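Notes follow once the structure below has been shown.
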Amino acid sequence: MFEILTEKLAKVFRGLSGKGKLSEKDIDNALRQVRLALLEADVNFKVVKDFIARVRERSIGAQVLESLTPAQQIVKIVNEELIKTLGEGQSQLVASPHPPSVAMVVGLQGSGKTTTSAKLALHLKHSGQRPLLVAADNRRPAAIEQLVTLGEQQDIPVYREAVAVSSKDVCAHALSKAKELAATWVIVDTAGRMHIDEPMMAELAQLKEKLKPSEVMLVVDAMTGQDAVRMAEEFNSRLGLSGLILTKMDGDARGGAALSIRWVSGVPIKFIGIGEKVSAFEPFYPERLASRILGMGDVLTLVEKAEKTFDKQRVKELEKKVKTASFNLEDFLSQLKDLRKMGPIDQLVEMLPGASQMARQLPAGVEEKHLEKIEAMILSMTPEERRNPDIIDGSRRWRIARGSGVKPQDINQLLNQFRQMQKLMKMGMGGKLPPNLRGMFR
Ligand SMILES: Nc1nc2c(ncn2[C@@H]2O[C@H](COP(=O)(O)OP(=O)(O)OP(=O)(O)O)[C@@H](O)[C@H]2O)c(=O)[nH]1
Ligand SMILES: [Mg+2]
């Protein structure tokens with residue numbers, strides 16, 4: 001799920017980061033592509049429209065256009081708005097002030113109610129609760145057996161009665177049983193239908209009346225796309241839902257349901273099912289899904305770190321120096337120092353305002369120790385030499401090499417590479433980085 005969307009978004013962002021500053025037109029162009037990617041992922045039309053409008057409004061603001069890392073700023077905005085769409089923060093289960101708390105599990109036929117009831121019970125058990133499962137789906141004898149089997153496997157008690165007993169009575173008796181067992185949670189697996197119909201809703205409403213649940217959770221098959229979204233709206237208006245559980249998130253659906261359902265229905269997603277096994281169940285974290293969709297791991301934290309580490313004014317000065325090609329080894333050294341304060345080098349180089357052009361040409365996995373070496377060499381130079389490397393002759397080279405524990409050839413190599421870099425800067429940094437310059441970071 002989401003692979004195609006992730007790929008498409010990554011392409012849009014790559015396109016943006018290839019540019020220095022962004023114009024309004026660049027942003028609109030990028031957002032058009034984002035919009036298309038979301039629609040192709042089957043995200044609800046209204047959700048896409050709102051989302052794009054929010055991202056655009058924030059992106060067109062001076063903050064991004066004038067920023068030195070506009071592409072990263074936009075990724076950051078997209079991430080934040082995506083989280084908003086998915087529901088900010090994690091939605092916890094709501095327990096009743098008078099235990100046992102009751103969670104009703106509802107949904108259409110085959111959505112995963114029975115499996116999910118068992119998953120939820122196991123999750124609660126693992127968090128120190130004493131769950132009781134209740135087989136209130138008396139439409140099919142097999143449904144009861146299925147729950148009993150799952151409960152037995154996990155050593156979780158299951159309350160059941162004969163098929164002939166009404167689900168209302170089963171629930172009433174189950175509550176007494178829960179008291180007897182001192183259960184803290186009662187998870188009620190209910191009957192589903194092929195489609196939403198009045199008898200089902202009426203029965204569920206009756207059960208809700210009886211059980212007074214603190215949670216009414218709709219189980220939604222994420223593979224059903226926009227149908228899932230409509231269904232959530234209907235269930236919610238009729239029954240009043242407290243949470244959603246998206247199942248089959250391990251499938252190859254395009255992900256549109258997952259991305260739309262919270263925004264459209266207003267009901268928070270509390271858990272996701274990610275496999276057939278009872279353990280394949282997780283609390284839902286909007287931030288994690290958003291960053292997974294954006295395929296960026298912890299890049300955002302890095303952006304924030306970069307914002308904190310690089311003094312804006314100094315960054316501006318550096319940019320100017322780069323533009324006028326008066327960027328010298330001293331500037332380079334100060335950038336390296338800032339960079340090393342922050343962490344994993346290969347991802348960070350990208351954020352160096354002056355070197356971001358270069359960074360894209362760098363091979364993956366630039367190693368820390370090579371940067372250390374460069375830093376040592378520059379540190380062994382006098383300020384004069386750093387500002388004007390041309391004065392470095394044979395004897396100075398010898399001295400610098402000895403001071404930094406390298407060979408004189410290494411100093412030569414650094415200076416040559418630096419001269420090339422300056423040349424590139426003079427040309428406006430437009431060209432590709434020559435292969436030997438890439439070696440500078442290795
Ligand atoms: N891959 C995957 N399969 C799931 C997941 N959740 C449920 N299933 C499968 O979906 C099928 C239906 O699950 P059930 O739990 O029986 O669904 P139900 O809603 O109780 O179905 P009825 O009782 O017939 O209405 C089963 O084969 C489950 O193993 C999930 O998160 N991932
Ligand atoms: Mg079932």
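The values are calculated or read from the model by the stated rules, or taken from the named source; none is laboratory data. Quick caveat: nothing in here was measured; it's all calculated off a predicted structure. As a convention, Cβ positions derive from the backbone with ideal geometry for all residues, glycine included, and neighbour counts pool all protein chains shown. Calculation scope for accessible area: heavy atoms of the full protein, side chains included, ligands and nucleic acids excluded. Shrake-Rupley method; radii C 1.70, N 1.55, O 1.52, S 1.80 Å.
General remarks:
- Summed over the residues of segment 186-229 and divided among them, the accessible surface reaches 37 Å² per residue at a probe radius of 1.4 Å.
- With θ taken as phi - 60° and the Karplus curve 6.51 cos²θ - 1.76 cosθ + 1.60 applied, the whole-hertz 3J(HN,Hα) list for segment 104-117 is 8, 10, 10, x, 6, 4, x, 6, x, 4, 5, 4, 5, 4 Hz, x standing for glycine and proline.
- By average C-beta atoms within 10 angstrom, highest first, the peptides 129-139, 265-275, 382-392, 202-212: 129-139, 265-275, 202-212, 382-392
- Note that segment 35-41 has calculated 3J(HN,Hα) couplings of 4, 4, 4, 5, 5, 5, 7 Hz, one per residue in order, obtained from phi through the Karplus relation 6.51 cos²θ - 1.76 cosθ + 1.60 (θ = phi - 60°); glycine and proline are x.
- Probe 1.4 Å - accessible area at Val278, Å² to nearest ten: 20
- Distances between placed amide hydrogens fall under 5 Å for Ile392 paired with no residue 5 or more residues away or on another chain.
- The packing ranking, built from the mean of other Cβ atoms within 10 Å per residue, places the peptides 233-242, 247-256 in the order 247-256, 233-242, highest first.
- When Val406, Val220 are compared by accessible surface with a 1.4 Å probe, the order from highest to lowest is Val406, Val220.
- All-pairs alpha carbon distance profile, segment 87-242, 5 Å steps from 0, percent: 2, 10, 20, 24, 22, 14, 7, 2, 0
- Accessible-area order (highest first, 1.4 angstrom probe) of the listed residues Lys8, Lys407: Lys407, Lys8
- Ligands, DNA and RNA excluded, the heavy atoms of Phe332 present near 0 Å² of accessible surface to a 1.4 Å solvent probe.
- Sulfur and carbon atoms: percent of accessible area, segment 78-228 [1.4 Å]: 52
- A 1.4 Å probe run over segment 134-182, with the rest of the protein chains in place, finds 53 Å² accessible per residue.
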